[in-house]
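One structure is given below, encoded as structure tokens.
The values are calculated or read from the model by the stated rules, or taken from the named source; none is laboratory data. It should be emphasised that the depicted structure is a prediction, and the values quoted were computed from it without experimental measurement. No Cβ is skipped: glycine too gets one built from the backbone with ideal geometry, and neighbour counts run over all protein chains shown.
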Amino acid sequence: MARIVAFDPPSNYVRSSADVPTLLVAVGTYVTFGLLTWYSHVIPWWLLLPLGGYTVALHGSLQHEAVHGFPFRGRFLNSLLVYPSLWLWLPYLSYRESHLTHHRDERLTCPIDDPESNYLTPEQWAALGPLHRRLRLVMTTVAGRLLVTPLYCVYRAARQLLRAIATRDMQHLGQWLVHVPAVAIVLWWVMGICDMSFWKYVFCFAYPGLSLTLLRSFCEHRAAPEVGSRTAIVEAGPVMSLLYLNNNLHFVHHNEPSSPWHGRPARYRQVRDQVFAANGGYRLAGYGEILRRWFLTPKEPVIHPQGRP
């Protein structure tokens, strides 16, 4: 994963065998998850939903850090740390594979080559039925992103699983086989120990957790001829920055994907002018601005402006 642009040299960061800030977040996330699920029968749903969603989304951010080599140097230990699938739907190994492909920055936003692209090619769009087209248009708004896209993600994951079964794709079937115990552990705790119903868990934890994660990625990238201009900076406050482990400073992450998340704000302050020179000033003043501008207004067309760039 090459840099988009060469910044000034970063300040020295001496990494031990385990990154302590990431470990502390992991411990805090699992403890919070355990307490929220254990006391879910006494916490009102209107409080449990945002707290549960935040916790699951934070665990998703930890999975992202594990992909990029934190907190441990070894891939196996990182995978083991984030192994329980709190949001149930996506195998971690599948996410790891697709996310590393996404980090080929020269192909960012390409509907064919970037597995995290929100765009379609003209040919893909033409192949959709009227209802599917309408659904894709709805998902270009924040409201659609939060309410509809999580279900759409689960639908696509199910289709990929069925395709893997039909084609006997052992690599992806293996990822799903590893995923089954990761889901079983969570449901054993939630349903068997905490006596919470499956649908209550989905409603108060898994679905809002995925929604919050999708809010982060709503504006992370845009179609642009220049590679640097495709990646955003969202200057969020402390609550949302913690939730996303500073991945809202997304250009800095893509430019230096192996750097520690907790050093990203200082790094951003150090190279802020260089960032905006490199990304065409693609900056948003927090998630409040994103909600105000695009809650019911489509952010961009579904079809990629360059077709297949």
Count of residues meeting criterion [farther than 17 Å from Asn118 by Cα and either in a helix (DSSP H, G or I) or among the hydroxyl-bearing types (Ser, Thr, Tyr) (or both)] in segment 214-271: 26
Hey, Ala158 surrounded by fewer than 18 Cβ atoms within 10 Å (Cβ to Cβ), hydrophobic (A, V, I, L, M, F, W, C) and without any contact (Cβ under 8 Å) to a residue 24 or more places away in the chain or not: yes
Of all residues making up segment 1-48, the number that are more than 26 Å from the chain's Cα centre (by Cα) and modelled with pLDDT under 95: 6
When residues of segment 249-266 are limited to those that are touching a residue at least 24 places away in the same chain (Cβ under 8 Å), out of contact with any Phe, Trp or Tyr (no Cβ under 8 Å at 6 or more places or on another chain) and of a type outside the set (Gly, Ala, Ser), the one surrounded by the most Cβ atoms within 10 Å (Cβ to Cβ): His254
Number of positions in segment 115-131 that are under 24 Å from Trp87 (Cβ atoms) and without any contact (Cβ under 8 Å) to a residue 40 or more places away in the chain: 1
Residue in segment 17-26 that is touching a strand residue (DSSP E or B) at 6+ places or on another chain (Cβ under 7 Å) and hydrophobic (A, V, I, L, M, F, W, C) present: yes
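Rundown of residues vs (1) closer than 16 Å to Leu58 by Cα; (2) under 15 Å from the mean Cα position of the chain (by Cα); (3) β-branched (Val, Ile, Thr), yes/no style:
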site: Tyr207; (1), (2), (3): yes, yes, no
site: Ala236; (1), (2), (3): yes, no, no
site: Val252; (1), (2), (3): no, no, yes
site: Pro257; (1), (2), (3): no, yes, no
site: Arg267; (1), (2), (3): no, no, no
site: Tyr282; (1), (2), (3): no, no, no
Residue count for segment 35-87, restricted to those that are touching a Leu at 6+ places or on another chain (Cβ under 8 Å) and either of a type outside the set (Val, Ile, Thr) or surrounded by fewer than 16 Cβ atoms within 10 Å (Cβ to Cβ) (or both): 21
Some residue of segment 269-281 being among the aliphatic types (A, V, I, L, M) and touching a helix residue (DSSP H, G or I) at 6+ places or on another chain (Cβ under 6 Å): yes
Unmet requirement for Leu162, which otherwise passes all of (1) among the hydrophobic types (A, V, I, L, M, F, W, C); (2) within 29 Å of Phe251 (Cα to Cα); (3) out of contact with any strand residue (DSSP E or B) (no Cβ under 6 Å at 6 or more places or on another chain): (2)
Criterion: basic (Lys, Arg) and in contact (Cβ under 8 Å) with a residue 40 or more places away in the chain - qualifying residue of Arg73, Arg134, Arg168: Arg73
Qualifying residue in segment 274-289 (condition: at pLDDT 95 or above, within 18 Å of Ala143 (Cβ to Cβ), in contact with a Leu (Cβ under 8 Å, 6 or more places away or on another chain) and not in a helix (DSSP H, G or I)): no
